[in-house]
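Down below is the structure, laid out as structure tokens.
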């Protein structure tokens, strides 16, 4: 966008893009939005209850420069944030997963920093505030090990200590720790958004078998696994089956229903509309396995759409 001053046109600078991961009830987010009304803030939160409370706060306080996403941070960073677009990232009081066997669940690990470097603008930074000293040190080690960030550890800014948990823990006399991870280089590995496909399905001829039981089945594909957990008979005179499927692939976890049911053109096998799942390579792999399994039960494929 250009702005004209007299006879000269100047490029109008874009509003800084800011990401907050785990915004809780949104009070810190709202404070930042008021301090920097020209910022465009994306908040990511895994808790549906927190999303609802934060949205209520933003509407009540007239906050208009915040957008929210209910889901996992890795998926949002990959699919909702353009390369080299982020000015700043806030991570306040993340779950430290203190048990050693659970540390793989921590957000601020080397791979996360590598990927974050592709979304941060030159000189952009992630700001971490936590009450957990061991996690604070762990995150610093992981950020430095990526070779893409320099780390500073100033005292936490006062307004970072106004979150719900910070206020609670202030009363308990806890210590707080802060770190600034500033991008100095960028990971060269491409990290494009997840590929999307038309919803895979197939038409088969034959009669659905009467399933007395169904054993849990793990389908492995490049980048993840699909687990078909159980089969449930549908109600109605025509009959059919739903197959409850748990899908994990890079940066995305989905629970969906595959279905096998009679239709006017043959036996339809594909993805149920329930839950509006994203059609990914993992969904394709699960449908492909189910079609093959039904072929093994004596049905014949009339048409494949995957």
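The values are calculated or read from the model by the stated rules, or taken from the named source; none is laboratory data. Just so it is clear, the structure is predicted and the values come from calculations on it, not from any experiment. Because the Cβ atoms are built from the backbone with ideal geometry, glycine has one as well, and the counts that use them run over all protein chains shown.
Tabulated values for the structure
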{"quantity": "Hits in region 143-167 (condition: on the phi < 0 side of the Ramachandran plot, more than 23 Å from the chain's Cα centre (by Cα) and part of a loop (DSSP other than H, G, I, E, B))", "calculated": "153, 154, 155, 156, 157"}
{"quantity": "Any hit, region 81-99, residues being under 15 Å from the mean Cα position of the chain (by Cα), under 23 Å from residue 195 (Cβ atoms) and touching a residue at least 12 places away in the same chain (Cβ under 8 Å)", "calculated": "yes"}
{"quantity": "Subset of region 168-185 (residues that are within 26 Å of residue 96 (Cα to Cα) and either out of contact with any strand residue (DSSP E or B) (no Cβ under 6 Å at 6 or more places or on another chain) or assigned to a helix (DSSP H, G or I) (or both))", "calculated": "168, 169, 170, 171, 172, 173, 174, 175, 176"}
{"quantity": "Filter pass, residue 282 being assigned to a helix (DSSP H, G or I) and buried (at least 16 other Cβ atoms within 10 Å of the Cβ)", "calculated": "yes"}
{"quantity": "Tally of residues being closer than 12 Å to residue 113 by Cβ and without any contact (Cβ under 8 Å) to a residue 12 or more places away in the chain across region 133-164", "calculated": "2"}
{"quantity": "Test result for residue 260, crowded, with 20+ Cβ neighbours inside 10 Å and within 20 Å of residue 196 (Cβ to Cβ)", "calculated": "no"}
{"quantity": "Output for region 263-278, where each listed residue is under 14 Å from residue 306 (Cβ atoms) and surrounded by fewer than 17 Cβ atoms within 10 Å (Cβ to Cβ)", "calculated": "268"}
{"quantity": "Check on residue 140, at pLDDT below 95 and part of a helix (DSSP H, G or I)", "calculated": "no"}
{"quantity": "The one condition in (1) touching a residue at least 40 places away in the same chain (Cβ under 8 Å); (2) surrounded by fewer than 18 Cβ atoms within 10 Å (Cβ to Cβ); (3) within 32 Å of the chain's Cα centre (by Cα) that residue 292 fails to fulfil", "calculated": "(1)"}
{"quantity": "So residue 217, is it surrounded by 15 or more Cβ atoms within 10 Å (Cβ to Cβ) and in contact (Cβ under 8 Å) with a residue 24 or more places away in the chain", "calculated": "yes"}
{"quantity": "Residue match in region 205-224 (condition: under 29 Å from residue 91 (Cα atoms), part of a strand (DSSP E or B), within 21 Å of the chain's Cα centre (by Cα) and not assigned by TED's automatic domain parsing to the domain that holds residue 81)", "calculated": "yes"}
